[in-house]
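For reference, the structure discussed in these notes is given below.
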Ligand SMILES: [Zn+2]
Ligand SMILES: [Zn+2]
């Protein structure tokens, strides 16, 4: 099975503290490295996680509040200094392109690599990237400005072949790929043999859903339903729920409720307001657990396996 894991680089909220950096996460799938959000300090965190900047091929930016992208121009600049030539794919709201271009122009920098920019503007979920193993879909969120989460999921897994049955029915080689993806087989006598005769069910396609920042939003449930792992922001505790509502953020209990209704396997929480201290961590967990049990804090530099 391919490696599929998430390393938390930053899980703080708007203001950096001595303990927490703003949002950034690295998703590794096999030998592919995807970065989600790029708050200040992401470069140093990547160094601590011992990940080469050059390996990152795709960057997804949820929204243009500074705590989610103020590290990006610095990272792009370092990639340039390190001699990157491979295309870098960037998915973000349109204004980010202008911001990057202005900064590069002001420093008279001509990048050695192409920045391939995909503008995210839709209020509906859309497929924005796919390769043979993975798909990335947006998760439109509810925040003060246009914001997307991202659902990274494996493409449907092939069914597992029962070799002895293929032999018994003399299935020609060129038919096997179709059978792996559920096709029935018609014998030379015209008899249809159902797919289940040849195959075992496939392994479940694993998926990771990233949702930051957002007010409580039930509309995301069908998009993230059954995800293997969900990261959902929990900026506030229940005692500050009025503030959560006002600032379009979520409480721990609300994130737990979304995880429960979406029937995800595991929930990671973070983006706690800087008003709380580490002593409040147990309260965050306790409030989530009123709704959903399998929860962990997205601690920085910790790696979580999706599966
Ligand atoms: Zn934020
Ligand atoms: Zn925000």
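Brief remarks on what is shown
- Selected residue (only one of 222, 194, 201 is away from ligand 2 (no atom under 16 Å from the Cβ) and touching a residue at least 12 places away in the same chain (Cβ under 8 Å)): 201
- Matching residues in segment 46-80 - criterion: being crowded, with 17+ Cβ neighbours inside 10 Å and either within 16 Å of ligand 1 (Cβ to nearest atom) or free of Cβ contacts under 8 Å to residues at least 24 places away in the same chain (or both): 60, 61, 62, 63, 64, 65, 67, 68, 69, 70, 71, 72
- Residues in segment 122-137 that are modelled with pLDDT of 95 or more and exposed (fewer than 11 other Cβ atoms within 10 Å of the Cβ): 124, 127.
- Members of segment 132-155 found to be away from ligand 1 (no atom under 16 Å from the Cβ), part of a loop (DSSP other than H, G, I, E, B) and touching a strand residue (DSSP E or B) at 6+ places or on another chain (Cβ under 8 Å), listed by number: 133, 155
- Checking the stated criteria, residue 23 turns out to be at pLDDT 95 or above, touching a helix residue (DSSP H, G or I) at 6+ places or on another chain (Cβ under 7 Å) and either closer than 15 Å to residue 211 by Cα or within 12 Å of ligand 1 (Cβ to nearest atom) (or both).
The values are calculated or read from the model by the stated rules, or taken from the named source; none is laboratory data. What you are looking at is a predicted structure, and each value in this text was computed from that prediction instead of being measured. As a convention, Cβ positions derive from the backbone with ideal geometry for all residues, glycine included, and neighbour counts pool all protein chains shown.
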